[in-house]
Amino acid sequence: MCPDLFDINAYDYDLPKELIAQYPLEERTESRLMVLNRAARSIVDRKFKDIRDYLMPGDLLVLNSSKVFPARLFGTKHNGTRIEVLLMNEIEPGIWKAMVHPGKRLKEKQILVFSPRLSGEIGLPDEDGFREIAFSVDGDFWEELNQVGHIPLPPYIERLDVTEDKGRYQTVYAKHTGSIAAPTAGFHFSEDLIDDLKRDGIKIAELVLHVGIGTFRPVKTERIDQHKMHSEYCVIDQDLADLYRETRATGGRVIAVGTTSLRTMESFYKDGEIIAGSAWTDIFLHPGKKVQSIDALITNFHLPKSTLLMLVSAFAGYEMTREAYHRAVTEAYRFFSYGDAMFIY
């Protein structure tokens with residue numbers, strides 16, 4: 001019997017805990033690559049460095065060049081209680097929207113001290129549980145944040161961040177600071193591989209979506225069409241819009257590196273073209289919605305019942321996605337941020 005694709009339980013699957021990657025591989029391009037051919041309904045297993053075999057001259061590869069910042073802070077109340085703060089986005093200079101843990105220990109506005117040079121007054125939660133924090137700093141805010149802040153590793157990586165994460169929980173092409181989670185499909189690209197692709201005649205362009213809580217916040221509704229995404233800021237420049245038009249006109253394929261790149265292009269797609277601009281997007285792609293802006297997708301393996309798994313199901317098809325994930329578990333692929341990749345075309 002065909003499952004109800006609007007039922008959250010249709011996107012559940014069993015994942016052995018040992019398949020959740022806790023550390024990155026030593027070499028970015030040594031990740032495994034599962035290749036899904038939608039037309040042939042075939043699935044093959046390769047290495048990520050073999051992606052060159054599947055890209056052709058004239059194709060356009062679209063990267064998200066947003067950069068993760070050390071958004072995780074540990075502060076203390078006046079009584080010495082330790083509070084964790086996750087910065088989300090800057091509302092105005094010096095004032096940020098944030099999440100706190102444990103929130104129940106902050107029942108009134110108060111000052112948190114993060115270092116001898118950095119403190120902040122944190123307010124009461126709004127209806128979504130988010131708070132505003134107004135920082136006071138002796139010196140440059142970003143310099144101090146880079147000193148005392150931590151890389152905000154996702155909760156399924158069950159360890160504190162280490163020095164290695166500053167470089168590896170980041171793409172090699174990250175430029176624009178603003179994400180609290182990395183666009184992880186890009187982790188598999190090294191600078192050498194990007195250079196090789198350019199020599200192969202692959203066009204490469206960048207956009208920006210600053211990954212926020214909306215990308216990975218769990219779906220809490222039983223019906224996925226009742227889920228509301230939180231907005232994330234994204235930008236597409238005219239160079240990408242022009243390359244997109246050129247690629248479509250000459251018969252090349254448009255390949256999104258990551259779900260964030262796809263969501264951004266889909267947000268700016270109109271009448272066969274990408275329109276340059278900037279916006280806050282809350283687009284939610286899932287079965288029942290048509291993906292129009294791309295021809296292929298590079299992505300990692302995503303959490304059960306996540307909006308990202310629903311997005312992949314919308315593009316690859318629900319049944320093929322289920323088959324691929326079953327294969328990934330059986331063949332012991334590495335899952336999530338530091339895990340392996342898929343190429344879907």
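Please treat every number below as a calculation from the coordinates, not as lab data. It should be emphasised that the depicted structure is a prediction, and the values quoted were computed from it without experimental measurement. Quick reminder, even Gly has a Cβ in these numbers, built from the backbone with ideal geometry, and neighbours come from all protein chains shown.
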- Item | Modelled FRET efficiency - R0 41 Å, ASP14 with ASN37, Cβ distances, 0.05 increments | 0.95
- Message: Compute the angle between helix 307-316 and the longest alpha-carbon principal axis of the chain, please, reported from 0 to 90 degrees and rounded to the nearest 10.
- Response: 10
- Query: Roughly how many Å is it from the Cα centre of the stretch 311-345 to that of the stretch 1-45, as a whole number?
  - Reply: 2
- Query: In terms of modelled amide H atoms, which long-range or inter-chain residues lie less than 5 Å from the amide H of ASN89?
  - Reply: LYS97
- Task: Determine the dipole magnitude for the chain: charges of +1 sit on the beta-carbon of Lys and Arg, -1 on that of Asp and Glu, nothing else is charged, the reference point is the Cα centre, and the result goes in debye to the nearest 20.
- Result: 580
- If you build a Gaussian network model of the chain, linking Cα atoms that sit under 10 Å apart, which residue out of ILE180, ILE275, ILE111 swings the most? ILE111
- Query: Quick one: net charge of ASP165's neighbours, Cβ under 12 Å, K/R +1, D/E -1?
  - Reply: +2
- Over the chain, the sum of -39500 (n - 2.57) across DSSP H runs of at least four, divided by residue number and rounded to 500 deg cm²/dmol, gives at 222 nm -6000 deg cm²/dmol
- Which three lengths, in whole Å and largest first, does the stretch 1-122 cover when its Cα atoms are put on their principal axes? 62, 42, 31
- Assign one of three labels to the stretch 72-149, namely rounded, prolate or oblate, based on the Cα gyration tensor with a ≥ b ≥ c the square roots of its eigenvalues; rounded applies when a/c is under 1.5, prolate when it is not and a/b is larger than b/c, and oblate otherwise. oblate
- Residue separation times 0.36 nm, minus the C-alpha to C-alpha distance between SER190 and GLU30: what's the value? 56.6 nm
- Query: Within a Cβ distance under 9 Å of ALA314, other residues only, what is the Lys/Arg minus Asp/Glu net charge?
  - Reply: +2
- Please give the net charge around GLY58, taking every other residue with its beta carbon less than 11 angstrom from that of GLY58, where Lys and Arg add +1 and Asp and Glu add -1. 0
- Message: On a 26 Å Cα-Cα criterion, which of the cross-link pairs LYS175/LYS220; LYS228/LYS270; LYS17/LYS305; LYS67/LYS198 come out too long?
- Response: LYS175/LYS220
